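Below: the structure, in structure tokens.
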Amino acid sequence: MTRRGAVEHHPTPPDARYGNHILQKFINKVMLNGKKSVAEHIVYSSLDRIEQQTHRSALETFESALRNATPVLEVKPRRVGGATYQVPVEIRAERKQALAIRWLIASARKRPGRSMEEKLAAELLDASHGQGATIKRKEDVHRMAESNRAFSHFRL
């Protein structure tokens, strides 16, 4: 057991345009070098682009993309008697959300060419339709957990 105290979590204030706490966390993750106004411009521009393309609420599309990208299980290494097993475990709600946000942004950054606004809009649209690199990453994590289900009795 660690000797540190419990981590004090600070609530994230809602974002300026939509009043959504999760979107503000997303903007904070997009931000590089403390340039929040740049991150806000990128996210809001990509949401505007999504709204123009789909004629649906951009926030709905964002939430469905996040929902589709959210993993349920992951594997954690567990050392038992000299061997290391990949043990599937369920993920806490906070970590699920953090992983989904991280994967969406990483996949958008890896897309070729164009501006970050276009790449982010394309990745969010793909994820909301259940396809793209983020969804593949989630499925890979689930497949790994499923294939190691035999070791689930070693749970942490």
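The values are calculated or read from the model by the stated rules, or taken from the named source; none is laboratory data. Being a predicted model, the structure only gives us computed values, none of them experimental. Here Cβ is always computed from backbone atoms with ideal geometry, including for glycine, and neighbour counts include all displayed protein chains.
Results, tabulated for the structure shown:
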item: Set Arg143, Arg114: member being charged (D, E, K, R) and outside any helix (DSSP H, G or I); result: Arg114
item: Hits in the range 70-108 - residues which are within 21 Å of Arg143 (Cβ to Cβ), among the aliphatic types (A, V, I, L, M) and in contact with a Phe, Trp or Tyr (Cβ under 6 Å, 6 or more places away or on another chain); result: Val87
item: In the range 11-51, the residues that are polar (S, T, N, Q), more than 17 Å from Ile105 (Cα to Cα) and touching a residue at least 24 places away in the same chain (Cβ under 8 Å); result: Asn20
item: Number of the exception - Ser37 against (1) over 21 Å from Arg95 (Cα atoms); (2) modelled with pLDDT under 95; (3) among the polar types (S, T, N, Q); result: (2)
item: Residues within the range 79-95 that are under 13 Å from Ala145 (Cβ atoms) and out of contact with any Pro (no Cβ under 8 Å at 6 or more places or on another chain), tallied; result: 3
item: So Ser57, is it among the polar types (S, T, N, Q), within 30 Å of His142 (Cα to Cα) and over 18 Å from the mean Cα position of the chain (by Cα); result: yes
